[in-house]
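To start, the structure under review is shown below, and the notes come after it.
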Amino acid sequence: MDMIIGCIANYSVDNIRNWVGSINVSGFTGEKRALCYNLSEDVMKYLRDNGFHCHECELNESHIFVQRFYDQWNILKRLDASAYRFIIATDTRDVIFQSNPSEWLERNLGDKRIMASSECIRFADEDWGNKTLRSCYGHLYDDFSRNIVYNAGTIAGEFKAMRDFFLNVYQFGLSADAAESDQPALNILINLEHIKPLVKLARQEDGWCTQLGAVMDPNTIERYRPKLLEPSPRIDDNGIVFNHNDIPFVLVHQYDRISGLSELIDKRYGGVTRNPIAKPMRSGDVQTTGAGNPIYRLARYCCGPFYRYAEKKKWESVLNVGKRIKRFLSG
């Protein structure tokens, strides 16, 4: 059995209707799971009505883009690995499925165990990637800035390898203590010699996914086009997105950046896309107040492990003091 899993935080039904609806008509027949952070009961009901297993999660001291990797690992480790084949882990608000992901993985994963999807541009040549690599792992910038960016929100692979890779990304991402460290952390890991042989580095033209924020965003495409390593995709009048072999991508990511396409996708699945042709903003949906305060960062670094242990032991008095300190330092 295969599984699709996604993280949903503070969203309404309209925000996830395209993701859910596209899965429902993709031909996927496996299991569907959602990590649910601060969701209303109507959103939870909508997910359950559409066949999702809902896992209610709480934000701890981590940023959600990093924490989701721990929570995914924590869920998967409790399951019988022998019952599963592939895991497909995606973002939710700005991803749709155009076909069955299981079929693509059957044909293309081969002897690899993890699959990452190219953004068709190098870190040094892409605004957001360059910024996050430098700010999160500045001491490694020169070693990885000329690498191709692979997206953290459209990954897949074999169950056991993906499960443990989630924990790798979480632990390495946590070391940067930044909201956007998930993607540079993932990219550094997949280029390390003990992990790289396990990874299929899927090109856009392989047909798995197009990352429209890099290859078609009207805010940046004129600057990026000379530096893109693959051609921009083709969109037909019905809003289907194709590679240059006229094969529809399995996944379309960041369609909300493209005016006209987002409206066609909303019409097809009934969703309501926020901020068409918005500039890239990965952390705008979840508040990360205080992260830039150096005293706050030091306190998190020194006290974080003890705080997480207190959470595990349910030491309420310690947790309450921690929350008051956090509010004070966050301003």
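Bear in mind that the values in this text are calculations on the coordinates, not laboratory data. Predicted model, so just to flag it, every value in this text is computed and none were measured. When we count neighbours, we look across all protein chains shown, and the Cβ atoms used for this are built from the backbone with ideal geometry, even at glycine.
Looking at the stretch 6-148 alone, DSSP beta bridges between its own residues are antiparallel in about 10 percent of cases. Extent along the principal axes, Cα only, for the stretch 81-163: 41, 25, 21 Å, with the longest axis given first.
Each of Trp104, Trp315, Trp128 was scored by other Cβ atoms within 10 Å of its Cβ. Arranged with the fewest first, they read Trp315, Trp128, Trp104.
Ranked by the mean number of other Cβ atoms within 10 Å of their residues, highest first, the peptides 190-199, 30-39, 175-184 come out as 175-184, 30-39, 190-199.
Using the Cβ of Leu264 as centre and a radius below 13 Å, the other residues enclosed give a net charge of -3, where K and R count +1 and D and E count -1.
Sort the stretch 1-135 into rounded, prolate or oblate with this rule: let a ≥ b ≥ c be the square roots of the eigenvalues of the Cα gyration tensor; rounded if a/c is under 1.5, and if a/c is not under 1.5, prolate when a/b is larger than b/c, oblate otherwise. Since a/c stays below 1.5, the shape of the stretch 1-135 is classed as rounded. For the stretch 183-254 versus the stretch 115-145, the inter-centroid distance based on Cα atoms is 15 Å. Counted by Cβ distance under 10 Å from Tyr170, the other residues give a net charge of -1, where Lys and Arg count +1 and Asp and Glu count -1. Note on the stretch 3-269: Cα-Cα pairs beyond 35 Å make up 9% of the total pair count.
With a sphere of radius 11 Å drawn around the Cβ of Ile96, what net charge do the other residues whose Cβ falls strictly inside it have (Lys, Arg +1; Asp, Glu -1)? Taking every other residue near Ile96 into account, the sum is -1.
Under the convention that each Lys and Arg Cβ holds +1 and each Asp and Glu Cβ holds -1, the size of the dipole of the stretch 3-269 around its Cα centre is about 480 debye.
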